[in-house]
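Single-structure report; data block below.
The values are calculated or read from the model by the stated rules, or taken from the named source; none is laboratory data. In this text the structure is predicted, and so the values were computed from the model without any measurement. Ideal geometry is used to build each Cβ from the backbone, glycine not excepted, and the neighbour counts take in all protein chains shown.
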Amino acid sequence: MSTPFFKVEHLTKRFGGLVAVNDVSFEVQRDEIVGIIGPNGAGKTTLLRLITRILKPDSGRIIFNGEDISGLKPWDVANRGIAGTFQNTRPFRHLPIIANVMVPCLSPRARHRGEWVKRIEAKAMDALEFVGISDQALERASALSQGDLKRLEVARAIASEPELLLLDEPLGGMSPAESGLLAKSIQRLHQGGRFGRLHSEGPAVLMIEHKLKELMSIVDRVIVIDHGEKIADGPPGEVVKDPKVIEAYLGADHAAA
Ligand SMILES: Nc1ncnc2c1ncn2[C@@H]1O[C@H](COP(=O)(O)OP(=O)(O)O)[C@@H](O)[C@H]1O
Ligand SMILES: [Mg+2]
């Protein structure tokens, strides 16, 4: 059997007495977009922060391209080819927007490392164009709306040309029209739709999102987390019919609908 592209095994994280992530295991294939859903406080963000190694798991393993990356530092994880966005955006607020994206372009992973700053700038501009904020490139990041900050985060994550892109509520703070557009852009990126001269093969995507309509329209599979535990893992059509999921997460909405 071939090694899976990405796999977490029995991942557990406690905060004091609270088990925020409880024995979670799943895989992501190289050609997949996988969604993560679940109620507020379920442990979704903690799970992504364990994968980027911003948090250290109490137990369990994270395997990427056949390598156990559980013991690596965050920058080593990034250099292996995993990049993500944060639920709470963290730009360099006083740098121009384009400079925010030029920093990850300088990552040792990024293909054009060592080339002229002009080249890096062009590449950062491509990433901004991809998410639709290139017209604001020279303004300060602090000038951006909440929705545009999310776009900037996505631009920064894709600028390092990750193989696995982790997204924590990238559509948060956006209008339905904006959400739909960014969701489609993520799908295009995944399918190898180049932005500028960057990607020939798009990244696998693991994406937390509350906006189910947009999420379900682009994912191959959905993982449902409740109280730190994985309660479902399957194609969107099956997961939304799962009684456990309806009870844990979709209950109120479904009853209303
Ligand atoms: N750094 C932390 N210290 C203590 N508790 C935390 C920390 N981060 C998250 N938690 C708790 O862990 C649980 C899961 O949080 P989180 O992963 O943010 O959930 P979600 O993203 O699914 O809404 C929550 O009860 C939250 O309060
Ligand atoms: Mg969260």
**Message:** Name the single residue that is farthest from ligand 2 (Cβ to nearest atom) among those in segment 1-33 being surrounded by fewer than 19 Cβ atoms within 10 Å (Cβ to Cβ) and of a type in the set (A, V, I, L, M).
**Reply:** Met1
**Request:** Among the residues of segment 1-33, write down those that are among the β-branched types (Val, Ile, Thr) and assigned to a loop (DSSP other than H, G, I, E, B).
**Result:** Thr3
**Fill in**
Within segment 2-39, residues more than 27 Å from Ile246 (Cβ to Cβ), more than 14 Å from ligand 1 (Cβ to nearest atom) and in contact with a strand residue (DSSP E or B) (Cβ under 9 Å, 6 or more places away or on another chain) come out as Thr3, Pro4, Phe5, Phe6, Lys7, Glu9, Arg30, Asp31
**Unmet requirement for Asp148, which otherwise passes all of (1) closer than 24 Å to Arg30 by Cα; (2) over 13 Å from the mean Cα position of the chain (by Cα)** = (1)
**Request:** Please name all residue pairs, on different chains or six or more residues apart, with Cβ atoms under 7 Å, provided the first residue is in segment 156-174 and is in contact (Cβ under 8 Å) with a residue 12 or more places away in the chain and the second residue is among the polar types (S, T, N, Q) and within 16 Å of ligand 1 (Cβ to nearest atom).
**Result:** Ala157/Thr85; Leu166/Thr52; Leu167/Thr85; Asp168/Thr45; Asp168/Thr85; Asp168/Gln87; Glu169/Gln87; Pro170/Thr85
**Asked** Before we move on, is Pro170 part of a loop (DSSP other than H, G, I, E, B), away from ligand 1 (no atom under 16 Å from the Cβ) and modelled with pLDDT of 90 or more?
**Response** no
**Message:** Just to check your reading of the model, which residue among Glu129, Glu139 is surrounded by 15 or more Cβ atoms within 10 Å (Cβ to Cβ) and farther than 25 Å from Ile54 by Cβ?
**Reply:** Glu129
**Prompt:** Across segment 55-66, which residue is farthest from ligand 1 (Cβ to nearest atom) among those that are farther than 11 Å from Lys13 by Cα and surrounded by 15 or more Cβ atoms within 10 Å (Cβ to Cβ)?
**Reply:** Asn65
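Residue-wise test of (1) in contact with a Lys or Arg (Cβ under 8 Å, 6 or more places away or on another chain); (2) touching a residue at least 40 places away in the same chain (Cβ under 8 Å); (3) not in a helix (DSSP H, G or I).
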site: Gly35; (1), (2), (3): yes, yes, yes
site: Asn40; (1), (2), (3): no, no, yes
site: Ile62; (1), (2), (3): yes, yes, yes
site: Leu72; (1), (2), (3): yes, no, yes
site: Trp75; (1), (2), (3): no, no, no
site: Ala78; (1), (2), (3): yes, yes, no
site: Asn88; (1), (2), (3): no, no, yes
site: Asp126; (1), (2), (3): yes, yes, no
site: Glu129; (1), (2), (3): no, yes, no
**Asked** Does Ile120 qualify as being buried (at least 17 other Cβ atoms within 10 Å of the Cβ) and within 15 Å of the chain's Cα centre (by Cα)?
**Response** no
